[in-house]
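Worksheet for the structure shown next.
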Amino acid sequence: MNMTEQLTRFLSPLTTRVRNMVVRGVIKLVDDKSKVQRIQASLLAGELKDGIERYQEYGISSNPPIGTEALVVFCGGSRNNGVIVATGDRMFRLKELKPGEVALYTDEGDIIKLGRNRKIQVNTLRLVVNAEESVSYNTKTFNVNATQSVTFTTPVINASADISAGGEINDKTSTMQAMRDTYNSHGHKSDGTPTSSM
């Protein structure tokens, strides 16, 4: 055996471990109950690995659906020590974001997008805001486009300026239009006595 063959044979285990360090996979099962999310993934050549830890960025947590692609890193090339460092789904990924834009999204179509010119866009079916204290909106423009209703469950709604409505304003007793109609039908004589009974 010549020197080249001996070197190749000597380095073969190291070469194999280097090749095994980074692998593509497809998520088959997610265990999201423990402190560290654990994944079952199908790797190249049909290899199925259980209990792979998934690292996530601080402050962001997700449960990727079955079929999501994963990038698995095996520390030291050992197949017994794998971590998932990235996941992605080509079907649902938001495309054509402008440079600098950031977005959260789900496979159901919910989107929170931090766009250019400091515009934040929220697309969802139901939006629930739970706040222990006050909710403040210090913006130049705040638009809510709802196809059904917007409900505020709060003791008091305070406004520091005008409130405008394109339709009726209702309270627990009546509408503002009904109050106007009552007021307009009720007049006073010059001496102050009413011209109609209430």
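The values are calculated or read from the model by the stated rules, or taken from the named source; none is laboratory data. Predicted model only: the values in this text are computed from it and were never measured. When we count neighbours, we look across all protein chains shown, and the Cβ atoms used for this are built from the backbone with ideal geometry, even at glycine. The protein model used for the area step is the full one, side chains on, heavy atoms only, and it has no ligands, DNA or RNA in it. Shrake-Rupley method; radii C 1.70, N 1.55, O 1.52, S 1.80 Å.
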Residue match in the stretch 60-71 (condition: at pLDDT below 95, in contact with a Leu (Cβ under 7 Å, 6 or more places away or on another chain) and farther than 15 Å from residue 22 by Cβ): no
Residue check for residue 28: modelled with pLDDT of 95 or more, closer than 30 Å to residue 118 by Cα and of a type outside the set (Val, Ile, Thr): no
Qualifying residue in the stretch 17-29 (condition: closer than 27 Å to residue 126 by Cβ, of a type outside the set (S, T, N, Q), open to solvent by 50 Å² or more (accessible area, probe 1.4 Å) and part of a loop (DSSP other than H, G, I, E, B)): no
In the stretch 65-112, the residues that are under 18 Å from residue 29 (Cβ atoms) and out of contact with any strand residue (DSSP E or B) (no Cβ under 9 Å at 6 or more places or on another chain): 107
Any hit, the stretch 86-96, residues being of a type outside the set (Gly, Ala, Ser) and in contact (Cβ under 8 Å) with a residue 60 or more places away in the chain: yes
Restricting the stretch 101-134 to residues that are assigned to a loop (DSSP other than H, G, I, E, B) and surrounded by 11 or more Cβ atoms within 10 Å (Cβ to Cβ), the residue that is modelled with the lowest pLDDT: 127
Subset of the stretch 69-112 that is touching an Asp or Glu at 6+ places or on another chain (Cβ under 9 Å) and small (Gly, Ala, Ser) - its residue that is farthest from residue 36 (Cα to Cα): 88
Only listed residue being among the hydroxyl-bearing types (Ser, Thr, Tyr) and part of a strand (DSSP E or B), chosen from 42, 34: 42
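Could you list, in sequence order, all residues of the stretch 151-165 that are open to solvent by 100 Å² or more (accessible area, probe 1.4 Å) and either among the basic types (Lys, Arg) or under 18 Å from residue 140 (Cα atoms) (or both)? Walk me through how you get there before you give the answer.
Just the residues of the stretch 151-165 that are open to solvent by 100 Å² or more (accessible area, probe 1.4 Å), to begin with: 151-153, 155, 157-158, 160, 162-164.
Within the stretch 151-165, 158, 160, 162, 163, 164 meet the criteria.
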Any hit, the stretch 12-28, residues being under 24 Å from residue 105 (Cβ atoms) and without any contact (Cβ under 8 Å) to a residue 24 or more places away in the chain: no
Of residues in the stretch 61-83 being small (Gly, Ala, Ser) and assigned to a loop (DSSP other than H, G, I, E, B), the one most open to solvent (accessible area, probe 1.4 Å): 61
Of all residues in the stretch 84-100 being outside any loop (DSSP other than H, G, I, E, B) and open to solvent by 50 Å² or more (accessible area, probe 1.4 Å), the one that is nearest to residue 56 (Cα to Cα): 85
Evaluation of residue 140 against (1) in contact with a helix residue (DSSP H, G or I) (Cβ under 7 Å, 6 or more places away or on another chain); (2) of a type in the set (D, E, K, R); (3) closer than 26 Å to residue 117 by Cα (one fails), failing number: (1)
